[in-house]
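Reading through the C-alpha cells given below for one structure.
The values are calculated or read from the model by the stated rules, or taken from the named source; none is laboratory data. All values derive from a computational prediction rather than experimental measurement. All Cβ positions, glycine included, derive from the backbone under ideal geometry; neighbour counts span all protein chains shown.
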Amino acid sequence: MSYTLRGRIESRLAALLPLLAAACVLALALHRWWPVEAAALMLGVGLALDAQAYHRLLPYQPGWVAVPLGALELALLVLLMRWAGIAAPVEPAVALFVAGWLLAQLLGHAGFPLLRLGYAEDGGELGRVGAAAAVGVGVLLAAAGGTAYALRPPVVHLSAGVHRGPLVIARREVLVGDPGAIVRGGIVVRADGVTIKNVSVVGGDYGVVVDGYDGTKLDRVSVSGAKLDGIHVRFATVMIKDCSVDMLGNAYGQGIDISYTMDHGMNMIEGCNLVGGMEGIATHSSMSDIAHNTITHTTLRGIAMTEMSMGTITQNEVRNVTGVGIVCNDHSMCEVERNTVVGTRPSPVSRGVGFLASYLSEADLKHNELGANPVPVAVLSNSILRRPGRS
Amino acid sequence: MTVALVGSGLAGFTAYQTLRVELEPEEIAVFGTDVDPAAAWRRRAAAIRQREMRSESDGHCLPRSFPGLAFRASARRRSPVPLVASFLDRFHPTVDEFLAHVEQLRERSGWERSVRETRVERVRATDGGFELDGHGTFRHVLLAPGHPGLNVPEELRGDPRVVHAYEPHDYADTVTVVGAGLAAATEWLNALGAGAEVVSVRRREPVRQQLNVPRAYFSRRGLDAFHELGPAERTARLRALLAPSYPRGRAWDEPVGRAAAEGRFRVEASVNGSAQVICATGFRRGFRSDPLLARLVDDHALETADDWIVVDADATVPALTDETRTLALAGVSAQWAFPAADTLVGAKYAAHGFLRRVRSCRTR
C-alpha cells in the first residue's frame with residue numbers, strides 16, 4: 001500500500017483506539033497505570049516514526065514490511081519504557097504490544113477496506129472515521145491523564161530537623177523530606193503506593209519496614225543506626241533507588257532484606273551504597289533486580305540471593321567484605337553480570353570467596369571481575385554454574 | 001431509473017458491482033454489446049495464452065479491496081500459501097481463478113437484469129441528464145467503452161504474415177514479435193516454447209515493473225501530485241508512465257536468456273524475413289479512435305489534451321457534471337485521472353468516484 005502521511009496517521013490512530021480503550025480498562029482492573037502509559041508510548045513511537053521516517057522512506061509498503069517495522073517499534077518502546085521508568089511487567093507489556101500490532105494488521109488489511117470503499121486508493125485515509133479516531137484517542141488520553149492527575153497521591157513535606165519516630169505512613173502518599181529532615185526511630189509503611197524521598201532515618205529496630213504493602217518507592221533515603229535491618233521488606237514490592245544504608249557496628253543485621261515477596265512481583269534495588277552489617281543486600285524467596293550498588297565491610301556476605309529467589313545481579317561493586325562477595329544459594333536462579341568483587345577476606349566459615357553458588361542453585365556468570373579474592377569462584381552442593389565469558 | 005453505464009466490459013462490470021452497494025439492479029441500466037463482461041478480455045488472454053494475471057490480490061471486480069483474490073484462494077485451497085504470497089507481493093491469481101470470480105459475481109449481482117444488449121453510439125447532454133441514443137435519459141452516466149481497437153503499425157498493415165497478438169494464432173518456425181510490453185514478453189515465451197526462433201522488434205527497451213505503472217500511482221500518494229500537473233506536464237507524464245512494461249523475474253528472463261545463448265532469440269531494429277510477424281502493439285490510443293468519445297467531445301466542445309479527454313480527479317467530465325448530473329469515464333479513457341485506469345484497480349477508482357457523485361445527488 002502507498003500511504004499518504006495523513007493516511008498513515010489516521011490508520012494508526014484508528015487501529016490503536018481499541019487498544020487504548022482496552023489499556024484503560026486493564027488499568028482500571030489492575031489499579032496500575034502501565035497499560036495506559038505503554039499504549040500512549042506505543043502511539044507516540046508510531047506517530048513519530050510515521051512522520052519522520054516511514055513516510056519518507058517507504059513510498060510503497062509491502063505487507064511483509066510490517067513485521068520488521070513492528071519489531072523496531074517494540075524495541076524502541078521497551079527502551080523508552082525503561083528510560084521513562086514505566087514499571088511494566090515485561091510479558092504482559094509485550095503481549096499488549098503484540099495484540100495492538102495484530103489488531104492493526106487485521107484492520108489495515110481487512111477492517112478498514114471493508115469500512116471504506118476507497119481505503120487503498122485514498123492511501124489509508126479514513127475520512128470522517130479518521131477524524132473521529134483522532135478525537136477518540138485524544139479524549140481517552142485526556143481522560144486517562146486527568147484521572148491520573150486527580151488520583152495523584154498527596155505530597156507531604158517533612159521539614160528540616162529531627163522528627164521523633166517511628167513514623168507510620170498509613171495512606172498512599174509521597175513523603176518528601178526537606179534538606180536536613182531526619183526521622184529518629186524508623187519509618188513504617190502501612191499502605192500501598194507510598195513514596196518516600198530525600199529522608200534520613202536514624203535508629204529504630206528497622207530503618208524502614210514495609211510488610212504486606214505493594215508499590216513502595218524509596219528514593220534517596222538514607223538509613224543509619226538500625227538495630228536489626230536497614231530496610232526490611234516482607235510480602236511486598238519495593239523500588240529502592242540511590243539509597244544509603246550504614247550498618248557499621250551491627251554484626252547481625254542486613255542492610256536491605258527483601259523476603260517472601262515472590263507472589264508480589266519484581267523488586268528493584270539500584271544505585272545504593274551499603275556499609276557494614278552481616279549482609280549488604282539479602283533476598284529470600286523473591287524476584288529482584290540488583291544493580292549499580294556498592295557494598296563494603298559486611299561480615300558474612302555482600303549480596304545474597306537465596307531461598308528460591310530469582311533475579312539479576314548486575315554492575316555492582318562489592319569491596320572488602322568478609323566471607324563471600326556474592327552468593328546464589330538454596331535453589332535460587334541468578335544472572336550475575338559485570339560485577340566487581342575485590343578484597344574479600346576469609347572468615348571462620350569461608351576462605352574469602354568472590355562468587356559462590358551453593359545448594360542446588362543455578363547461576364549464569366558473565367563478564368565479572370572476581371580475580372582479586374582468595375577464592376574467585378566456588379560451586380557447592382550440586383549447583384550449576386554457567387560461564388560463557390570471562391568471569 | 002437514473003443511472004446508466006455505457007459499456008458492458010470489465011470496467012463497466014466493476015462499476016456495476018460498486019453501484020450495487022447502493023442500488024438495486026432495476027435502478028441501473030447497462031448498455032453493451034455482450035452480456036458476458038469478460039468476453040473481450042477472455043479472447044485476448046486466450047490469444048496470448050496468458051495463464052496468470054499481472055494484477056495482484058486486489059485485481060478483482062468487487063468494490064472493496066478485501067476480501068481479495070488471495071484470501072479467496074486461501075479459503076478455497078485451505079492453504080495459507082496465497083495469503084503469504086500476497087503478503088510478499090508475490091501473489092498473482094490465475095486467469096481461470098479470475099474468470100471464475102467474474103462469473104460468480106455476474107450470477108449473484110443481478111447483472112443480467114440490468115444489461116441491455118445494444119450499442120450506444122451517441123451521448124447528448126440534456127437538462128439534468130444525458131440522452132443515450134434514443135434509449136432514454138439518465139441523470140448519472142458512466143462511459144466505459146473499452147479499448148477502441150487493436151493497433152497494428154501502419155507499415156505492417158496488409159502484410160499477410162502479420163497477426164495481432166490478441167487475435168487467435170499459432171506459431172511459425174521463425175517469429176518476429178513487435179512490441180515491448182507484457183503481451184510481447186508473453187509472446188516471446190510462447191513462441192520459444194513452441195520451438196520457434198524469435199526476433200524481438202521494439203522501439204525502446206521495455207520498462208521492468210511489477211504493475212502497469214509505479215505503485216504510488218495507485219493511491220493518492222502519487223495521484224495528488226499527478227493531478228496538480230498542468231496539461232503539458234501531465235501529458236508528458238502519462239506518456240512516460242504508459243510506456244510498455246512487463247514484470248521483473250526469472251520466469252521471464254531465464255527462458256529468453258537460454259534461447260539467446262542458443263541463438264534462438266535476438267533483438268532487431270526492424271521486421272525482416274520471419275515467417276510470422278506478431279504485433280504485440282496493444283490498442284489504438286486516444287479518444288479520437290473511439291467514435292462515441294469523439295462525438296461526445298465534438299458535440300459538447302469538451303476540453304482535451306493531446307489524446308485524452310480532460311477529466312477531474314474523480315474521472316468525471318467537469319463541463320458536464322454538476323450537482324444535478326454526472327458524466328464520468330472509466331477504463332482506458334479515464335487515464336487523465338488515473339494513469340492505470342485500464343486496470344481493475346483503475347476501474348474501481350473511477351467507480352468509487354462515480355458512486356460518490358450518485359450518492360451526493362439528492363435527486364438521483
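Which members of segment B:311-364 meet the condition of being assigned to a helix (DSSP H, G or I) and of a type in the set (Gly, Ala, Ser)? Lay out the reasoning, then the answer.
Step one: list which residues in segment B:311-364 are assigned to a helix (DSSP H, G or I), which gives B:318-320, B:331-334, B:344-360.
Passing the criteria: B:319, B:331, B:333, B:334, B:346, B:347, B:350, B:351, B:353, B:360.
Here is a list: B:116, B:43, B:122. Which entry is over 13 Å from residue B:7 (Cα atoms) and not hydrophobic (A, V, I, L, M, F, W, C)? Quick ask: steps written out before the conclusion?
Details: B:116 fails: over 13 Å from residue B:7 (Cα atoms); B:122 fails: over 13 Å from residue B:7 (Cα atoms).
Checking each option against the conditions leaves just B:43.
Tell me, please, whether a residue that is aliphatic (A, V, I, L, M), in contact with a Ser or Thr (Cβ under 7 Å, 6 or more places away or on another chain), within 12 Å of residue A:224 (Cα to Cα) and part of a strand (DSSP E or B) can be found in segment A:248-261.
So in segment A:248-261, the residues aliphatic (A, V, I, L, M) come out as A:248, A:251, A:256, A:258.
Still in the running and in contact with a Ser or Thr (Cβ under 7 Å, 6 or more places away or on another chain): A:251, A:258.
When the remaining residues are screened for being within 12 Å of residue A:224 (Cα to Cα), the result is none.
No, segment A:248-261 contains no residue that is aliphatic (A, V, I, L, M), in contact with a Ser or Thr (Cβ under 7 Å, 6 or more places away or on another chain), within 12 Å of residue A:224 (Cα to Cα) and part of a strand (DSSP E or B).
Being of a type in the set (Ser, Thr, Tyr), within 14 Å of chain A (Cβ to nearest Cβ) and in contact (Cβ under 8 Å) with a residue 40 or more places away in the chain is the filter here, so list the residues in segment B:217-258 that pass it. Result: B:217, single match. Residues of segment B:194-216 that are in contact with a Lys or Arg (Cβ under 9 Å, 6 or more places away or on another chain) and either without any contact (Cβ under 8 Å) to a residue 12 or more places away in the chain or in a helix (DSSP H, G or I) (or both): B:215 alone. Within segment B:306-341, the only residue that satisfies the criterion of being among the charged types (D, E, K, R) and closer than 16 Å to residue B:6 by Cβ is B:325. In segment B:108-120 there is no residue matching the filter, namely being within 28 Å of residue B:208 (Cβ to Cβ), of a type in the set (Lys, Arg) and surrounded by fewer than 21 Cβ atoms within 10 Å (Cβ to Cβ).
Among the residues in segment A:72-89, are any within 14 Å of chain B (Cβ to nearest Cβ) and either of a type outside the set (Lys, Arg) or under 25 Å from residue A:132 (Cβ atoms) (or both)? Looking for residues that are within 14 Å of chain B (Cβ to nearest Cβ) and either of a type outside the set (Lys, Arg) or under 25 Å from residue A:132 (Cβ atoms) (or both), one finds none in segment A:72-89, hence no.
Scanning segment A:307-326 for residues that are in a strand (DSSP E or B) and among the acidic types (Asp, Glu) turns up just one, A:317. The selection criterion, being small (Gly, Ala, Ser) and buried (at least 24 other Cβ atoms within 10 Å of the Cβ), does not hold for residue B:305.
Identify, please: which residue in segment B:266-301 is part of a helix (DSSP H, G or I) and in contact (Cβ under 8 Å) with a residue 60 or more places away in the chain and is, among those, surrounded by the fewest Cβ atoms within 10 Å (Cβ to Cβ)?
The initial filter retains those residues of segment B:266-301 that are part of a helix (DSSP H, G or I), namely B:287-289, B:291-300.
Imposing the further condition that a residue be in contact (Cβ under 8 Å) with a residue 60 or more places away in the chain reduces the set to B:289, B:291-293, B:295-296, B:299-300.
On the way: B:289: 15, B:291: 14, B:292: 20, B:293: 21, B:295: 14, B:296: 25, B:299: 12, B:300: 15.
Taking the candidates together, the pick is B:299.
When residue A:264 is tested against (1) closer than 24 Å to residue A:357 by Cα; (2) within 19 Å of the chain's Cα centre (by Cα); (3) at pLDDT below 95, just one condition goes unmet, and that condition is (1).
Restricting segment A:143-177 to residues that are small (Gly, Ala, Ser) and modelled with pLDDT under 95, the residue that is surrounded by the fewest Cβ atoms within 10 Å (Cβ to Cβ) is A:150.
Select, from B:175, B:198, B:152, the only residue that is surrounded by fewer than 23 Cβ atoms within 10 Å (Cβ to Cβ), among the β-branched types (Val, Ile, Thr) and at pLDDT 95 or above.
Details: B:175 fails: surrounded by fewer than 23 Cβ atoms within 10 Å (Cβ to Cβ); B:198 fails: surrounded by fewer than 23 Cβ atoms within 10 Å (Cβ to Cβ).
Among B:175, B:198, B:152, only B:152 is surrounded by fewer than 23 Cβ atoms within 10 Å (Cβ to Cβ), among the β-branched types (Val, Ile, Thr) and at pLDDT 95 or above.
The one condition from (1) within 30 Å of residue B:325 (Cβ to Cβ); (2) among the β-branched types (Val, Ile, Thr); (3) touching a helix residue (DSSP H, G or I) at 6+ places or on another chain (Cβ under 7 Å) that residue B:235 does not meet is (3). Do the conditions hold for residue B:313, that is, is it within 14 Å of chain A (Cβ to nearest Cβ) and either of a type in the set (A, V, I, L, M, F, W, C) or buried (at least 16 other Cβ atoms within 10 Å of the Cβ) (or both)? Yes; evaluated as a whole, the condition is true for this residue.
Can you say whether residue A:27 is under 18 Å from the mean Cα position of the chain (by Cα), buried (at least 19 other Cβ atoms within 10 Å of the Cβ) and among the hydrophobic types (A, V, I, L, M, F, W, C), as far as the supplied structure shows?
When the stated conditions are applied, residue A:27 passes them.
If you scan segment A:303-321, which residues turn out to be surrounded by 20 or more Cβ atoms within 10 Å (Cβ to Cβ) and not small (Gly, Ala, Ser)? Across segment A:303-321, the qualifying residues are A:303, A:305, A:306, A:313, A:316, A:318, A:321.
Only one residue in B:254, B:262, B:268 is acidic (Asp, Glu) and modelled with pLDDT under 95. Which one? Please lay out each step first, then the result.
Values: B:254 fails: modelled with pLDDT under 95; B:262 fails: modelled with pLDDT under 95.
It is B:268.
If I go through segment A:1-55 residue by residue, how many of them are in a helix (DSSP H, G or I) and within 14 Å of another protein chain (Cβ to nearest Cβ)? Selection size over segment A:1-55: 10. Looking only at residues in segment B:121-143 that are β-branched (Val, Ile, Thr) and either surrounded by 14 or more Cβ atoms within 10 Å (Cβ to Cβ) or out of contact with any Ser or Thr (no Cβ under 8 Å at 6 or more places or on another chain) (or both), the one that is nearest to residue B:28 (Cα to Cα) is B:141. Applying the condition of being of a type in the set (D, E, K, R) and part of a loop (DSSP other than H, G, I, E, B) to segment B:243-265 and asking which residue is farthest from residue B:199 (Cα to Cα) yields B:248.
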